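So the structure is just underneath, and the comments pick up after that.
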Amino acid sequence: SQKIEQNSEALNIQEGKTATLTCNYTNYSPAYLQWYRQDPGRGPVFLLLIRENEKEKRKERLKVTFDTTLKQSLFHITASQPADSATYLCALEDSSASKIIFGSGTRLSIRP
Amino acid sequence: DTGVSQNPRHKITKRGQNVTFRCDPISEHNRLYWYRQTLGQGPEFLTYFQNEAQLEKSRLLSDRFSAERPKGSFSTLEIQRTEQGDSAMYLCASSPTGGIHYEQYFGPGTRLTVT
């Protein structure tokens, strides 16, 4: 079955540095992949979608890469700020294209 | 506020009772999704609707769970004979119609506690 892996350990970064989060997947080649942000007690918020034919996508301080050979997506936040502290979820369409499945998320903490 | 709304925000119930949650999606969105999320995990897909048609239902969903979207607008999720394992955050999301499951807009969730 399809599996998504995100680093379950929290990532602690000094303010101003670049945070890099990893999403690995197995057993399928999705046509696209999405990243969401979730704050405690709230629903996820969509950030970026990248398609299989796109190697990289940017939005302000965010950058996502999609390597279909490695079956991996990297999510970067440059010039990180304490307000970027949250859990970041990777999501992709499952093999039947009938739904989205989410990874378990990586908690990011940016310290001043 | 034109975002996705969910009611109630919190629900505490005793084991064996039935509960019903409501979701109002963004008005122009035809797709509506229900997810369940437990602490430390990502949202787990339960079901989704295209207008009033329920097109997909997770095999994880037992017969105690049922969802409806009678007029293609709001949706309800009912859990019958609740169990302690049903305690979780129940999230609703909507998205516009498209060939793929585009970016989803989530509501604030309903936190269910079964005692």
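The values are calculated or read from the model by the stated rules, or taken from the named source; none is laboratory data. Since this is a predicted model, take the numbers as computed values, not measurements. Counting neighbours? That spans all protein chains shown, and the Cβs are built from the backbone with ideal geometry, glycine included. To get the accessible areas, we keep the full protein, side chains included, count just its heavy atoms, and leave off ligands, DNA and RNA. Shrake-Rupley method; radii C 1.70, N 1.55, O 1.52, S 1.80 Å.
Given the residues B:66, B:62, B:73, B:58, which is the only one that is among the polar types (S, T, N, Q) and closer than 19 Å to residue B:108 by Cβ?
Working: B:66 fails: closer than 19 Å to residue B:108 by Cβ; B:62 fails: closer than 19 Å to residue B:108 by Cβ; B:58 fails: closer than 19 Å to residue B:108 by Cβ.
Just one listed residue meets the conditions, B:73.
For residue A:51, all conditions in the list (1) more than 11 Å from chain B (Cβ to nearest Cβ); (2) surrounded by fewer than 19 Cβ atoms within 10 Å (Cβ to Cβ) hold save one; what is the number of the exception?
Condition not satisfied by residue A:51: (1).
Output the residues belonging to segment B:12-43 that are touching a Leu at 6+ places or on another chain (Cβ under 7 Å), at the interface with chain A (Cβ under 9 Å from one of its Cβ atoms) and either in a strand (DSSP E or B) or within 21 Å of residue B:80 (Cβ to Cβ) (or both).
If the condition is that a residue be touching a Leu at 6+ places or on another chain (Cβ under 7 Å), at the interface with chain A (Cβ under 9 Å from one of its Cβ atoms) and either in a strand (DSSP E or B) or within 21 Å of residue B:80 (Cβ to Cβ) (or both), then B:35, B:37 are the ones that fit.
Can you name the residue in segment A:4-23 that is open to solvent by 30 Å² or more (accessible area, probe 1.4 Å), assigned to a strand (DSSP E or B) and away from chain B (no Cβ under 14 Å) and is also farthest from residue A:74 (Cα to Cα) among such residues?
The qualifying residue farthest from residue A:74 (Cα to Cα) is A:14.
Give the residue, chosen from B:31, B:22, B:9, that is touching a residue at least 40 places away in the same chain (Cβ under 8 Å), surrounded by 18 or more Cβ atoms within 10 Å (Cβ to Cβ) and basic (Lys, Arg).
Working: B:22 fails: surrounded by 18 or more Cβ atoms within 10 Å (Cβ to Cβ); B:9 fails: surrounded by 18 or more Cβ atoms within 10 Å (Cβ to Cβ).
Only one candidate qualifies: B:31.
I'm trying to understand the selection: among the residues of segment A:24-34, which are exposed (fewer than 15 other Cβ atoms within 10 Å of the Cβ), in contact with a strand residue (DSSP E or B) (Cβ under 8 Å, 6 or more places away or on another chain) and in a loop (DSSP other than H, G, I, E, B)?
First, pick out the residues of segment A:24-34 that are exposed (fewer than 15 other Cβ atoms within 10 Å of the Cβ): A:26-27, A:29, A:31.
With in contact with a strand residue (DSSP E or B) (Cβ under 8 Å, 6 or more places away or on another chain) added as a condition, the list becomes A:26-27, A:31.
Matches in segment A:24-34: A:27, A:31.
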